[in-house]
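The values are calculated or read from the model by the stated rules, or taken from the named source; none is laboratory data. Just so we're clear, the structure is a prediction, and the values are computed from it rather than from any experiment. When we count neighbours, we look across all protein chains shown, and the Cβ atoms used for this are built from the backbone with ideal geometry, even at glycine. With ligands, DNA and RNA removed, areas are computed over all heavy atoms of the protein, side chains included. Shrake-Rupley method; radii C 1.70, N 1.55, O 1.52, S 1.80 Å.
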Amino acid sequence: CQPHPLHRWALRGYVPLPIGLLVAGGSRVAQGGLAGLTVAGLAFAVGWLAGAIGITYAHELGHRRERVDRALAWLLMGSVGYSHFMVEHYRGHHPRAATGADPASARRGESVYAFLPRTLLGGWRSAWRLHAARQRERGRPAWTGALPAWTAATALALSGLALADAGAVLAFWAGQAVVAVCLLEIVNYLEHYGLQRRVTDGRPEPFGPAHAWNADHAWSNALLANLQRHSDHHQHAHRPYPTLRPAAAPAPQLPTGYAGCVLLALVPPLWFARMHPRLDAHGQTG
């Protein structure tokens, strides 16, 4: 079935909210008079919204073919200083998910605290390599294109804050970006934890329902644009979020929705205790 146009406009119409909150928060911090703990709390709140909803919607918009949707996705990812996601996720993660070549796929027994530095650095490196390779194919210099442009824009904006002696605003922006990005990568940690695709002669098997964790809960999926129907999303990356289908048994199922699993992942012994029996049940022993 075809999604109603309002489904897409719901995503587009959301974009001004996190951007507006970021501007409003930065403006309030710039006025001064706020305790450091208050600035930290404000950064956490704005970053949590940006990571939980803003990046989720940016991810969906980035999978659309319309230029306006892609531009809005770049804007949302640029607002948290994570523009390279727009290259790495679509051209790196999707082809390589649930393989050892993907920095965003967590390995069995790997804690979220070990995963975070690996995926942060690995994803950044992969994005720039993919960008450079694409530009070479097009006969263009590596310093041209959307990724260098957005990276330069972010660097210029932050340099401007530093030169304006707006240290508190800079700290607020950095704090919300760290919260948003960490939340994004913790969700990445959940989505393919311990699952592996067979790789033969350097080519992974086709992505199937068994290669992503799912959580088909109505309320959380309504909030997260059906992201928790993750197997179908990977099998049909351009399928609009309202038409994503639940993964039928025996596809892997998380013990809770993403929110509960984020909390579980922060305590590795609890996470391993809940997830390893599920991996064993799916024949994923290591």
| field | Single residue of region 196-218 satisfying the filter (assigned to a loop (DSSP other than H, G, I, E, B) and buried (at least 22 other Cβ atoms within 10 Å of the Cβ)) that is farthest from the chain's Cα centre (by Cα) | value | Ala215
| request: Of the numbered conditions (1) open to solvent by less than 30 Å² (accessible area, probe 1.4 Å); (2) free of Cβ contacts under 8 Å to residues at least 40 places away in the same chain; (3) of a type in the set (Val, Ile, Thr), Thr38 fails exactly one; give the number of that condition. | output: (1)
| task | Taking the residues in region 72-95 that are over 25 Å from Leu266 (Cα atoms) and among the small types (Gly, Ala, Ser) as candidates, determine which candidate is surrounded by the fewest Cβ atoms within 10 Å (Cβ to Cβ). | result | Gly78
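Looking at Ala98, Ala106, Ala58, Ala43, which is the one that is touching a His at 6+ places or on another chain (Cβ under 6 Å) and open to solvent by less than 10 Å² (accessible area, probe 1.4 Å)? Walk me through how you get there before you give the answer.
On the way: Ala106 fails: touching a His at 6+ places or on another chain (Cβ under 6 Å); Ala58 fails: touching a His at 6+ places or on another chain (Cβ under 6 Å); Ala43 fails: touching a His at 6+ places or on another chain (Cβ under 6 Å).
Answer to the check: Ala98.
Conditions tested, residue by residue: (1) crowded, with 20+ Cβ neighbours inside 10 Å; (2) without any contact (Cβ under 8 Å) to a residue 60 or more places away in the chain; (3) hydroxyl-bearing (Ser, Thr, Tyr); (4) part of a helix (DSSP H, G or I).
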residue: Ala177; (1), (2), (3), (4): yes, no, no, yes
residue: Asn226; (1), (2), (3), (4): yes, yes, no, no
residue: Cys261; (1), (2), (3), (4): yes, no, no, yes
residue: Ala273; (1), (2), (3), (4): no, yes, no, yes
residue: His276; (1), (2), (3), (4): no, no, no, yes
| note | Picked from region 66-110 (must be within 14 Å of Leu11 (Cβ to Cβ) and of a type in the set (D, E, K, R)), the residue modelled with the lowest pLDDT is Glu66
